[in-house]
Amino acid sequence: MANAAEIAGNIKRRGLMLVISSPSGAGKSTIARNVLEADKAIGLSVSVTTRKRRPSEIEGVHYHFISIREFERMRDTDALLEWAEVHGNFYGTPREPVETAMAEGRDMLFDIDWQGAQQLQEKMSADVVSIFILPPSIDELQARLHRRAEDTEEVIQTRLANARAEIEHWREYDYVIVNDDLDRAFSSLKSIVSAERLRRDRRPGLFEFVNALMEETRR
Ligand code: ADP
Ligand code: 5GP
């Protein structure tokens, strides 16, 4: 049996499923991008969507842009872990990359709406850590949607009209971050990730470590 000191540096743990939702424009993609850049151990779940690509988006990086027909094929063959219709388009999480990451104990981040968050909570509650991002005000939400300048006025109005329905689900999340100052919001998310990685029930490797420690108390 290995001694405790050898095991201590490499205590095995399960991967986290970091689920982030917010009304459109509150800043969840920006915060998520910062976290992914700062912590290379977290992978991004790249969703499929039937929505049109925005000018700044890259196929396979931000989304896999697919047809409605392809979406239906994936949905009907159980290739999606969860899916939902949001703002008039379909979105879904491909199952295979998530199952591989979880089996290997890697963390994954999901930028999905409340409907998707509910489905993941039901299916994989032990692995899900959910975070809801709120804007500091509705005026600022509107300003951010305009500043992003990637959607038409009609699309922006649909998203604002849907903000209320999304915000109504805030209590279903483990954590809530008000994204007023971006650095503060980012730092809050990093704290959540650090703490959740340390949870006892996510670290099956602790058993082996504590057994080794107990063995050493007998010496
Ligand atoms: P979401 O993914 O929630 O729809 P985005 O991350 O695309 O929102 O952010 C919407 C816009 O708001 C972007 O232009 C982004 O740069 C800006 N933004 C995000 N967080 C902040 C913040 N704390 N302060 C000011 N602008 C922000
Ligand atoms: P956007 O069009 O701004 O990229 O995303 C619109 C909304 O769809 C956001 O709330 C985003 O989190 C959500 N979304 C993106 N991908 C998925 C997904 O795979 N499943 C679900 N349920 N929602 C998603």
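The values are calculated or read from the model by the stated rules, or taken from the named source; none is laboratory data. Everything quoted here is computed from the prediction, not taken from an experiment. Glycine also receives a Cβ, built like all others from the backbone with ideal geometry; neighbour counts cover every protein chain displayed. Accessible surface areas use protein heavy atoms only, side chains included; no ligands, DNA or RNA. Shrake-Rupley method; radii C 1.70, N 1.55, O 1.52, S 1.80 Å.
Structure summary
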item: FRET efficiency, PHE207 to ASN3 (Cβ-Cβ, R0 22 Å, nearest 0.05); result: 0.90
item: Rotationally averaged projected area of segment 82-219 (alpha carbon convex hull; nm²); result: 11.0 nm²
item: Theoretical gain in end-to-end length, GLU99 to SER137 [0.36 nm per residue, Cα-Cα removed]; result: 10.0 nm
item: Rounded to whole Hz, the Karplus (6.51, -1.76, 1.60) HN-Hα couplings of segment 163-175, x for glycine and proline; result: 4, 4, 4, 6, 4, 4, 8, 4, 6, 7, 9, 5, 9
item: Karplus-derived HN-Hα couplings along segment 182-196 (A = 6.51, B = -1.76, C = 1.60, θ = phi - 60°), whole Hz, x at Gly and Pro; result: 4, 4, 5, 5, 4, 5, 4, 5, 4, 5, 4, 4, 4, 5, 5
item: Cα shape, segment 168-219, gyration tensor, a/c 1.5 rule; result: prolate
item: Charge sum, other residues only, whose C-beta stays under 10 Å from VAL193's C-beta, Lys/Arg counted +1 and Asp/Glu -1; result: -1
item: Protection proxy ranking, peptides 177-183, 213-219, average beta carbon neighbours within 10 Å, highest first; result: 177-183, 213-219
item: Helix-derived mean residue ellipticity, 222 nm - over the chain, DSSP H n ≥ 4, -39500 (n - 2.57), to 500; result: -14000 deg cm²/dmol
item: Where the Cα pairs of segment 1-135 fall when distances are cut into 5 Å bins, in %; result: 2, 9, 18, 22, 20, 13, 7, 3, 3, 2, 1, 0
item: Theoretical FRET efficiency, 1/(1+(r/R0)^6), r = Cβ-Cβ of ILE11 and SER187, R0 25 Å, to 0.05; result: 0.50
item: Cα centroid of segment 1-34 to Cα centroid of segment 36-112, whole Å; result: 18 Å
item: Å² per residue, accessible surface of segment 1-85 at 1.4 Å; result: 52 Å²
item: For the chain: relative contact order, % (alpha-carbon pairs under 8 angstrom, 6 or more apart); result: 35 percent
item: Antiparallel DSSP beta bridges within the chain, percent to nearest 5; result: 30 percent
item: Relative contact order %, segment 121-219, counting alpha carbon pairs below 8 Å whose residues are six or more apart; result: 34 percent
item: Cβ-placed point charges (K, R +1; D, E -1), dipole of the chain about Cα centre in debye, nearest 20; result: 480 debye
item: Segments 160-168, 55-63 sorted - mean Cβ within 10 Å per residue, highest first; result: 160-168, 55-63
